[in-house]
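Asker: My questions will all concern the structure given below.
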Amino acid sequence: MAIITYREALNQALKEEMARDDKVFLMGEEVGFYHGAYKVSQGLLEEFGEKRVIDTPITEEGFTGVGIGAAMVGLRPVIEMMTFNFSILALDQIVNHAAKIRYMSGGQFKVPMVIRGPGGAAYQLAAQHSQAFESYFCYCPGLKVVMPATPKDAKGLLKSAIRDDNPVIFIESETLYNTKGEVPDGEYLIPLGKAEILMEGNDITIISYSKMLLIAEEATRALRGEGVSVELINLRTLKPLDKELIINSVKKTGRVVIVEEGWRFGGFGAQIAETIYSEAFDYLDSPIERVASVEVPMPYASNLEKAVLPDKDKVIAAARRI
Amino acid sequence: MFTLGYIGGFCHLYIGQEAVCVGAISSLREDDYVLSAYRDHGHCIARGSDPKKVMAELFGKATGLCKGKGGSMHLFNAEKNFLGGFAIVGGHIPIATGVAFANKYQKKDSCVLCFFGEGAVNIGAFHEALNISATWKLPVVYICENNRYGMGTPIERATSLYDICQKACAYSMERDHIDGMDVLAVRKSVEKAVKRAREDSIPTLIEARTYRFRGHSMLDPAHYRTKEELEEQLKGDPIITFKDKLLKEGILSDSTVQSMEEGIKKEIDEAVDFAMKSPAPSIDILSEDLYI
């Protein structure tokens with residue numbers, strides 16, 4: 001097993017899929033000559049040329065629509081959002097078009113495309129660059145939503161997303177790009193729609209995804225050190241949600257903490273909680289706890305930013321409440 | 001059929017604008033592509049769709065083009081490369097541009113026609129798409145059907161430059177403006193633009209000046225325009241004027257016209273009959289066609 005960064009894992013996935021299938025191309029702002037705003041596409045232009053690594057004008061709605069049109073007639077676009085904060089400029093294309101074309105046409109057309117890039121807060125990027133939008137996309141039937149937490153997941157899930165025939169929203173994180181982890185040698189895929197149990201336990205289930213998983217993991221280690229048997233779930237895919245794995249865990253532990261970066265009100269954690277209340281209410285020994293961001297636009301100052309976001313201590317405190 | 005309650009939802013009629021889609025689409029090959037906005041019945045039929053399946057879709061029946069899931073504003077026909085049927089103003093213009101991108105990517109010489117109304121030229125998607133296709137030289141022909149009203153708002157109250165084809169200048173794009181009530185003029189202009197797209201991969205914006213004889217949708221009595229204006233425009237009915245021209249030139253005879261009109265009426269009656277007799281979609285298909 002090689003140890004590589006999350007960024008390298010994504011880069012490898014893109015490289016392997018572009019080499020495998022010449023219908024796959026990468027399009028977005030600064031993906032070519034600049035090698036990506038976060039260098040995820042490093043070296044791709046040199047390897048695949050300008051035809052397949054395409055720099056766009058700053059025009060999210062335009063190039064997302066181009067991806068949809070190309071996907072409708074047989075290509076497999078990977079559209080990079082420099083950050084998902086900008087994806088809302090393309091929300092009409094994503095929600096009204098990509099997500100609905102297959103259904104509206106009675107199954108005559110499909111839209112096999114991936115829209116990927118970092119989401120959520122990074123380091124003092126302030127209000128307009130620090131938003132976790134996954135619940136926007138999860139709300140809309142027709143989209144799949146994937147949020148990898150580790151280099152291994154990033155590579156295996158991105159390769160699966162590119163091969164998937166549906167529009168897939170693939171949200172990465174600026175703060176994860178430099179994180180390192182083991183990645184299996186050779187080609188591998190991680191299926192969409194399947195969560196994993198990262199650590200098994202019997203007392204509390206902690207559910208998280210993307211970079212919040214790392215915080216949940218720290219909290220889990222601390223709690224386990226105190227003798228609390230925590231089961232930690234890495235969701236990997238938010239939609240379709242692996243309900244079965246979640247429910248089975250809740251049946252075992254009876255207590256749940258959900259950790260997400262989004263705002264609490266209408267956040268994705270509320271949906272997980274609803275799923276548990278609907279399908280495993282009788283197994284719960286206490287109300288579900290949620291750890292989410294404070295409901296304000298992200299402030300700039302470092303201490304204020306820290307106060308908004310979930311952290312290890314907030315997760316531990318939530319676990320102690322139940 | 002709408003007033004009788006067989007067609008639901010919004011229903012935007014194409015009456016008055018026929019010369020645009022017929023003239024334009026008649027210049028295409030089978031491997032070309034067509035995308036339209038929500039006033040799409042004409043484009044879908046002109047592309048060769050079976051009127052029975054179109055009518056059944058309007059009726060929301062299982063035998064419709066889209067199994068009753070699309071409706072009037074979302075007609076699609078993969079067999080005829082008719083890619084929709086889109087009801088967010090201007091939203092399909094980047095998508096048509098993407099189809100052209102794919103054709104160029106795959107070294108195909110297919111062309112894309114993208115139809116929209118003049119109401120779409122003030123929205124961002126139009127400008128983003130035109131900038132992309134002009135910068136990347138994509139084989140697409142944008143056809144703006146300027147029927148003078150965006151719903152109830154006349155063009156003079158909606159945009160600062162009425163001469164819509166001039167908007168192409170902002171993108172150094174080829175342009176043309178034509179009489180959209182003259183089917184041959186439309187065809188001539190579109191043929192030229194299609195050739196340019198096919199052979200040189202250069203996009204064009206064509207403004208076809210036309211007029212819709214009915215309101216924005218079936219629910220609109222069109223009080224925002226005068227009776228005199230409508231009457232004046234009706235004199236230029238593209239079907240009648242073209243018929244008169246062909247009669248005058250001796251290309252058609254009265255008896256041919258009569259038999260054609262009877263044939264068309266029969267075709268429509270058969271389409272209505274087919275739609276009436278077709279079953280509603282089964283509830284079982286509700287969640288189908290969402291994910292693969």
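Asker: Can you name the residue in segment B:102-111 that is assigned to a helix (DSSP H, G or I) and either more than 9 Å from every other protein chain (Cβ to nearest Cβ) or in contact (Cβ under 8 Å) with a residue 12 or more places away in the chain (or both) and is also nearest to A:Ile54 (Cα to Cα) among such residues?
Answerer: We begin by selecting, within segment B:102-111, every residue assigned to a helix (DSSP H, G or I); these are B:102-105.
Subset that is either more than 9 Å from every other protein chain (Cβ to nearest Cβ) or in contact (Cβ under 8 Å) with a residue 12 or more places away in the chain (or both): B:103-104.
Working: B:Asn103: 15, B:Lys104: 13 Å.
Selected residue: B:Lys104.
Asker: OK, next. Just checking, how many residues over segment B:52-93 are outside any loop (DSSP other than H, G, I, E, B) and more than 8 Å from every other protein chain (Cβ to nearest Cβ)? If you could, list the steps in order and put the result at the bottom.
Answerer: Taking segment B:52-93 as the starting set, the residues that turn out to be outside any loop (DSSP other than H, G, I, E, B) are B:52-58, B:77-80, B:82-85, B:92-93.
Then drop every residue that is not more than 8 Å from every other protein chain (Cβ to nearest Cβ), which leaves B:52-58, B:79-80, B:82.
Selection size over segment B:52-93: 10.
Asker: Any residue that is modelled with pLDDT of 95 or more, under 22 Å from B:Gly90 (Cα atoms), facing chain B (nearest Cβ under 9 Å) and touching a Phe, Trp or Tyr at 6+ places or on another chain (Cβ under 8 Å) - is there at least one of those in segment A:32-51?
Answerer: No, that holds for no residue.
Asker: Follow-up question, since we're still on this one. Starting from residues that are within 17 Å of A:Phe268 (Cα to Cα) and within 12 Å of the chain's Cα centre (by Cα), keep the ones in segment A:141-160 and report whichever is nearest to the other protein chains (Cβ to nearest Cβ).
Answerer: Only one residue fits best here, namely A:Lys144.
Asker: Out of (1) more than 9 Å from chain A (Cβ to nearest Cβ); (2) among the hydrophobic types (A, V, I, L, M, F, W, C); (3) surrounded by fewer than 24 Cβ atoms within 10 Å (Cβ to Cβ), the odd one out for B:Cys114 is which?
Answerer: Failing condition for B:Cys114: (3).
Asker: Another one. What helices (runs of 4 or more DSSP H), lying completely within segment A:216-322, carry at least 2 residues that are touching a residue at least 24 places away in the same chain (Cβ under 8 Å), assigned by TED's automatic domain parsing to the domain that holds A:Asp203 and among the hydrophobic types (A, V, I, L, M, F, W, C)? Spell out the reasoning first.
Answerer: Values: elements: A:243-253, A:268-280, A:302-308, A:312-321.
Ranges flagged: A:243-253, A:268-280, A:312-321.
Asker: Restricting to segment B:154-164, name every residue that is over 19 Å from B:Leu35 (Cβ atoms) and touching a residue at least 24 places away in the same chain (Cβ under 8 Å).
Answerer: First, pick out the residues of segment B:154-164 that are over 19 Å from B:Leu35 (Cβ atoms): B:154-163.
The answer is B:Pro154, B:Ile155, B:Ala158, B:Thr159, B:Asp163.
Asker: Pairs only if they're at least six apart or on different chains, beta carbon under 6 angstrom, first in segment A:80-101 and touching a residue at least 60 places away in the same chain (Cβ under 8 Å), second in a helix (DSSP H, G or I); list them, first residue then second.
Answerer: Once the first residue is touching a residue at least 60 places away in the same chain (Cβ under 8 Å) and sits in segment A:80-101, its partners that are in a helix (DSSP H, G or I) give A:Ala98/A:Ile68.
Asker: Same structure, new question: Of all residues being more than 8 Å from chain A (Cβ to nearest Cβ), within 19 Å of the chain's Cα centre (by Cα) and within 24 Å of A:Gly28 (Cβ to Cβ) in segment B:117-141, which is surrounded by the most Cβ atoms within 10 Å (Cβ to Cβ)? Just the residue, please. Even if it seems obvious, please write down each step before you answer.
Answerer: To start, the set of residues in segment B:117-141 that are more than 8 Å from chain A (Cβ to nearest Cβ) comprises B:117-123, B:126-127, B:130, B:133-134, B:136-141.
The next check asks that each one be within 19 Å of the chain's Cα centre (by Cα); those that pass are B:117-123, B:126, B:130, B:139-141.
Checking which are within 24 Å of A:Gly28 (Cβ to Cβ) leaves us with B:123, B:126, B:130, B:139-140.
Values: B:Ile123: 17, B:Phe126: 23, B:Leu130: 24, B:Pro139: 27, B:Val140: 32.
Result: B:Val140.
Asker: Quick check on segment B:224-261: of everything there that is β-branched (Val, Ile, Thr) and in a loop (DSSP other than H, G, I, E, B), which residue is modelled with the highest pLDDT?
Answerer: Taking segment B:224-261 first, the residues β-branched (Val, Ile, Thr) are B:226, B:239-241, B:251, B:256-257.
If we keep only those that are in a loop (DSSP other than H, G, I, E, B) too, we end up with B:226, B:251.
Details: B:Thr226: 91, B:Ile251: 95.
The extreme case among them is B:Ile251.
Asker: Shifting gears a bit: Looking for whichever is modelled with pLDDT of 95 or more, closer than 21 Å to A:Val145 by Cβ and assigned to a strand (DSSP E or B) here; the options are A:Ile190, A:Ile162, A:Ile171. Which one fits? Please lay out each step first, then the result.
Answerer: On the way: A:Ile190 fails: assigned to a strand (DSSP E or B); A:Ile162 fails: assigned to a strand (DSSP E or B).
That would be A:Ile171, the only listed residue that is modelled with pLDDT of 95 or more, closer than 21 Å to A:Val145 by Cβ and assigned to a strand (DSSP E or B).
Asker: Does segment B:94-101 contain any residue that is more than 7 Å from chain A (Cβ to nearest Cβ), surrounded by fewer than 24 Cβ atoms within 10 Å (Cβ to Cβ) and touching a residue at least 60 places away in the same chain (Cβ under 8 Å)? Quick ask: steps written out before the conclusion?
Answerer: Going through segment B:94-101, the residues more than 7 Å from chain A (Cβ to nearest Cβ) turn out to be B:100.
After this cut, where a residue has to be surrounded by fewer than 24 Cβ atoms within 10 Å (Cβ to Cβ) as well, the list is none.
Looking through segment B:94-101, none of the residues is more than 7 Å from chain A (Cβ to nearest Cβ), surrounded by fewer than 24 Cβ atoms within 10 Å (Cβ to Cβ) and touching a residue at least 60 places away in the same chain (Cβ under 8 Å).
Asker: While we're on this one: Taking segment A:72-100, which residues are more than 7 Å from chain B (Cβ to nearest Cβ), hydrophobic (A, V, I, L, M, F, W, C) and in contact with a strand residue (DSSP E or B) (Cβ under 7 Å, 6 or more places away or on another chain)?
Answerer: Of everything in segment A:72-100, those that are more than 7 Å from chain B (Cβ to nearest Cβ), hydrophobic (A, V, I, L, M, F, W, C) and in contact with a strand residue (DSSP E or B) (Cβ under 7 Å, 6 or more places away or on another chain) turn out to be A:Val78, A:Ile79, A:Met81, A:Met82, A:Phe84, A:Ile94.
Asker: While we're on this one: Report, ordered by the first and then the second residue, all pairs with beta carbons closer than 8 Å, sequence separation of six or more or different chains, a first member in segment A:56-71 that is more than 7 Å from chain B (Cβ to nearest Cβ) and more than 16 Å from A:Met82 (Cα to Cα), and a second member that is of a type in the set (Val, Ile, Thr) and not in a helix (DSSP H, G or I).
Answerer: A:Ala71/A:Val111
The values are calculated or read from the model by the stated rules, or taken from the named source; none is laboratory data. Note that this is a predicted model, so its numbers are computed, not measured. Cβ atoms come from the backbone with ideal geometry, glycine included; neighbour counts cover every protein chain shown.
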